[in-house]
Structures are given as C-alpha cells and as structure tokens.
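Structure first, commentary second.
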Amino acid sequence: MPDNHAEDSRDIDVFPAETGVGNPRGVPPTQHSDSGSSPTEPGSGSSNPFEAHSYINQGNGCLSNPEDIIQQVVNSLDDYVSGYGKVAAIEDLDADFFIYRKFGWLHHYALLHLQDGLAEIEEELERLDTWESKKGDPSKLVSRRTDYAYKDSRRKELVEKLYDKLAQYDSALLRTQQIQAIKRPTERAQNNLYNLASNTQSLVDDERAWIRRGPDLAAVGCGPAYGWFNTVLENALNKVSKLVTLYLFQTPEQKIKSGKEDLQLLSAERLNVFARIFVTIIAAILLLCPAFALFRLQPTTQAEFHQKSNYQILTVFVFTMLFSASYSLFTKARRQEVFSATAAYCAVLVVFLGNTSNVMIQNNSQ
C-alpha cells in the first residue's frame, strides 16, 4: 500500500546487471561516457538504464545451484524523465495508483444520442406499419418475404439500419454499466497520485486537473480482500515504527521502484498475511474469552445465583454483539450469513452456559 510519509527507499543493496565488471551502470568498457550518439540508436553503446536497478531473487530456497538464481531487473521511478512517461511509471508503481477517469458524462451523452436514434427508427417503423395496414399492402405486414421482394422496401432498409444501431447501443450500454460499477479510489490514493505528479513536475496544471475529479475516477487496480483493514494496520504499524514496517512489509522490488521519492510502498500480500493472522487471533479471543468468563461467573451458592446469572447473560450478549460486528467487518458475508453465524455463536455460548451450570448444581447438591 503506498504512502507519501516514509523514509528514502533507495537504501538497498542493488546488484548491477551482468553487463560488465566494475561498471555499475552497465556501459561496456569500450564505450566512453561522453559519446554523442543517441541512446536509442543501434550500436550507440548505451545500455538500458533499468538494468542498473536489479537484485537477486532468492526464490523459495529450492534452487541448489547458485547459477539458477534469477537476477531481476526492476524499473526505478528515477530512471524516467518528467512527463507522461513518468506519470505512466507512477501509475505502474502500485495497484492503488491504477486510477483513470470514467468519463461518465460523455458515456451518458453518447448513450442518449444512440437511444434517440433508435427511437426515431422505432417511430418510423410504427408509422410504416400503420400506413401499410390502412393504405398500402397489408400482406407486407404478415410476410417478410413479400415485403423484401420489393427493391425499394423501406422496412428492409430500416431493419438493416436497426441492426447496426442496436449493436452500438447495446455495446455502449453494457460497457457503461461495467465502467460505472468500478469503485472510486480512496482519498489517500488520489492524494498520493496527485502529489507525485505535482512533485515530479510531470504534468502541467491543466493536464493534471483530472486527478481531482474524485467522483469520476475509477480505481482500476484490484485491491486486497482486507483493503480498508490493511490501511488501518499500516497506519497503526507506522505509528509504532516506520523502519520496522518497511523491513517487514516492503519487498526489494518496491524499494527500487519508489526511487528517491518520499514514498512508502508495502506488499499487499504480506499485509494480507498479517491481517489474516490478526483476524485469526480475534476469532480465537471471541471464542475462548466468553467461555472463560462464563466459567468464572458460575454461582457456587444460592445467594450468588441471581447476581451472577445477570452477569452471565450480559457476557453472552456483549460477546455475541462483538462477534456479529467482527464477522460483518472482516468478511464479505451477506446479511443472512451474518445472522446465521451470530445465531450459531450465541447457541454455542448458551449450551456451554447450560452444561457448566448443571455441573455446578450437581456438585453443590452432593
């Protein structure tokens, strides 16, 4: 997850690409740095600048031969000059930066014109059918072959035109539906993208203004399953220690890609693992804590029965509410699923309460 409040992410041991010994920029020894040839011309001797940013991918530890270890080449944001190329590199940094406009007004504008064009064809076909039934040849209405046998069949022309118009309208309608269903980006992602484009001076003000059109923006990047929860965890971890957060949740690729920008990129996969561990702990707490509390609140004498019974009922109520809220927040369960899971959880606590109460009553009676 990107954040504009982090340390310089270039502090990483970068291995130069295998383009020459003792030459970290990958320029062959026979090529002088003051060559006037263009880097894009064949035989100019200038290497790809991205090859200077690479690291050794250790894989999953299953490779016994060191020669099988892949040396990854990663594009750094510093390798791009200011302009649309750098903005494209920013968009490619993280899924949260994958933001573009929906152009909702233009889609609806085009749909309205296509819709009215179809309405005109509809009205003309209705008038033609009415005229044929009263003053023309009614047989054309009941037989397509009879109608189309005439070379100047107006209905044939309208139907052929209708096919193309309907295809355009249906395609535009479905595409608009899919585009409008894309959620808008978070304010954090929108601000980060705007600040990066502004700080790098990659776009003039007029051509950067589209980033401020929040309701018309589409967050095309696929966010993680615990998107909002990842953000909360990231903010909490940053308050504890940014260095520890970067060490645990930032990959070598992300360290290189962010370049010298004051930008924090964290691995969504690592955050998801941490989130799943956290949710698992919460689930265990919601199951074990009420059981322990109900066991400790069991009355041992008749005088304690009424007082502790109220505490037991309150414990069941509180933990059932906590379970329902946690199940709704941390999962994508539907309403009926939340209701069923809450009822099952409450039933487990009630059964546990009933069993422990019977044991205590039997012990006291003996």
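Just so you know, all these numbers are worked out from the coordinates, no wet-lab data involved. These numbers were taken from a predicted model, which means no experiment stands behind them. Cβ placement follows ideal geometry from the backbone for every residue including glycine, while neighbour counts extend to all protein chains displayed.
Go through Lys134/Lys165; Lys135/Lys156; Lys102/Lys257; Lys183/Lys239; Lys134/Lys156; Lys86/Lys242 and tell me which ones have a Cα-Cα distance over 22 Å in this structure.
Going by Cα-Cα distance, Lys134/Lys165; Lys102/Lys257; Lys183/Lys239; Lys86/Lys242 fall outside the 22 Å limit.
How much length, in nm to one decimal, is gained on full extension between Val142 and Phe317, taken as 0.36 nm per residue of separation minus their Cα-Cα distance?
55.9 nm
Within the stretch 143-169, what residues put their amide N at less than 16 Å from the label point 7 Å along the Cα-to-Cβ vector of Arg127?
Label zone hits: 154-159.
By count of other Cβ within 10 Å, fewest leading, how are Ser133, Ser258 ordered?
Ser133, Ser258
At 7 Å along Cα-to-Cβ for each site, give me the label-to-label distance between Ile182 and Phe339 in nm.
A separation of 3.6 nm, rounded to one decimal place.
Give me the orientation-averaged projected area of the Cα convex hull of the stretch 104-180, in nm², one decimal.
Orientation-averaged projected area of the Cα hull: 5.7 nm².
If you average the C-alpha positions of the stretch 179-203 and of the stretch 64-118 separately, how far apart do those two centres end up, in angstrom?
With the stretch 179-203 and the stretch 64-118 each reduced to a Cα centre, they are spaced 11 Å.
Once you order the gyration tensor axes a ≥ b ≥ c over the Cα atoms, which shape class does the stretch 139-228 get: rounded for a/c under 1.5, otherwise prolate or oblate by comparing a/b with b/c?
The shape class here is prolate.
Using only the Cα atoms of the stretch 269-361, what semi-axes does the equivalent ellipsoid have when each is the square root of 5 times a gyration tensor eigenvalue? Give whole Å, largest first.
31, 14, 10
Debye sum, Cα scatterers, the stretch 234-297, no solvent: what log₁₀ I/I(0) at q = 0.23 1/Å?
The Cα Debye sum returns log10 ratios of -0.96.
List, largest first, the extents of the alpha carbons of the stretch 176-267 along their principal axes, each in whole Å.
42, 32, 23
If the chain between Glu253 and Cys289 were fully stretched, how many nm would it gain, using 0.36 nm times the residue separation less the Cα-Cα distance?
Here the segment from Glu253 to Cys289 would lengthen by 8.8 nm.
Round to the nearest 0.05 the FRET efficiency obtained for Asn355 and Ala303 when R0 = 25 Å and r is the Cβ-Cβ distance.
Efficiency, rounded to the nearest 0.05: 0.65.
Working out 0.36 nm times the residue gap between Ala149 and Gln71, then minus their Cα-Cα distance, what length gain in nm do you get to one decimal?
21.0 nm
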